[in-house]
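For reference, the structure is listed below as structure tokens.
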Amino acid sequence: MRLNRYIAHCGVCARRDADTLIEQGEVMVDGQVVTTLGTKITPAEQEVVCKGKVLKVEHKVYILMNKPKDCFCTLEDPNAGRTVLDIIAGACSERVYPVGRLDRNTTGLLLMTNDGELTEQLTHPSYAKSKIYEVGLDRNVSQSDMEQLLQGVETEVGFVRVDSVDYTRPDDRSVVGVELHSGQNRVVRRIFEALGYKVVKLDRVYYAGLTKKNLPRGEWRFLEDEEITMLKMGRYH
């Protein structure tokens, strides 16, 4: 087994991040620092230490949260305010981390797990996962701008085209639903800012086949077995 895959399998991080740890000299195999990417190991016969901790394969945990506003996804900043880990405190003994991130004031679906391989699958650019957001803007969205979103918008981080966009409330054209596959940071805010709008509310309502059904804001639940299978097999759009 490749060393980076084993690190991910132990729930430390995704494989890409494991490669970074290896290159930084944070990983030892049988007492020797290993910095060569692509190194293969035999887990049953060798001891792997990452950042001073002996690695063991953990029970996999999958938690789906309806993230509230004014809550951070960062796990490393000791000065951050309330975090998603505070919300699930006591849920499990395993250390889980967010799959991707929602910024402080974005609400909605957030998946947390210690399954590094699944995290890699869900966050790698080559695996396009559909995400749907309900977006509240500072003014009504014109029909021409709706069409522009479908054609594509040039943002400060590149060209972005949404898969679909529609008004979600018949009496309020300042609220729209947007479906897209892009995983760029703050991508929804960026595309509307590029068109001259200010996002005042952003809620992720769908992620890789998962929805907020029966999951109130600020609450969480463990994924069902069939949901885990769906994610691992990529049976979603």
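Taken together, the values in this text are just the output of simple stated rules run on the coordinates, not laboratory data. The structure displayed is predicted, hence computed values, not measured ones. FYI the Cβ positions are ideal-geometry reconstructions off the backbone, even for glycines, and counts take in every protein chain you see.
Just a few scattered comments:
- Proximal lysines to K201, defined as alpha-carbon separation beneath 23 angstrom and excluding residues fewer than eight positions away on the same chain: K67, K69, K129, K131, K212, K213
- Separation of the E23 and K232 label points, Cα + 7 Å toward Cβ, nm: 3.0 nm
- Two-site label geometry, V57 and S93: point separation in nm, points 7 Å out along Cα→Cβ: 1.8 nm
- Top positive-direction residue, dipole computed over segment 62-199 with Cβ charges, set T113, G183, P68: P68
- Cβ-based exposure ranking for F192, F222, F159, F72, in which fewest neighbours within 10 Å come first: F159, F222, F72, F192
- The convex hull defined by the C-alpha atoms of the chain has an orientation-averaged projected area of 14.5 nm².
- The listed peptides 181-190, 139-148, ordered by packing as a protection proxy, come out as 181-190, 139-148 (highest mean of other Cβ atoms within 10 Å first).
- Prolate/oblate/rounded call for segment 3-54, Cα gyration tensor, a/c under 1.5 rounded: rounded
- Averaging the sequence gap over all C-alpha pairs within less than 8 Å and six or more residues apart, then dividing by the number of residues, gives segment 131-207 a relative contact order of 47 percent.
- For segment 108-237, the extents of the C-alpha atoms along the principal axes are 43, 31, 20 Å, listed from largest to smallest.
- Relative contact order of the chain, pairs being alpha-carbon contacts under 8 Å that are 6 or more residues apart, as %: 21 percent
- Take every Cα pair under 8 Å whose residues are at least 6 apart in sequence, average their separation, divide by the length of segment 3-54, and the relative contact order is 31 percent.
- When only alpha carbons are used to place a centre, segment 9-61 and segment 162-231 end up 35 Å from one another.
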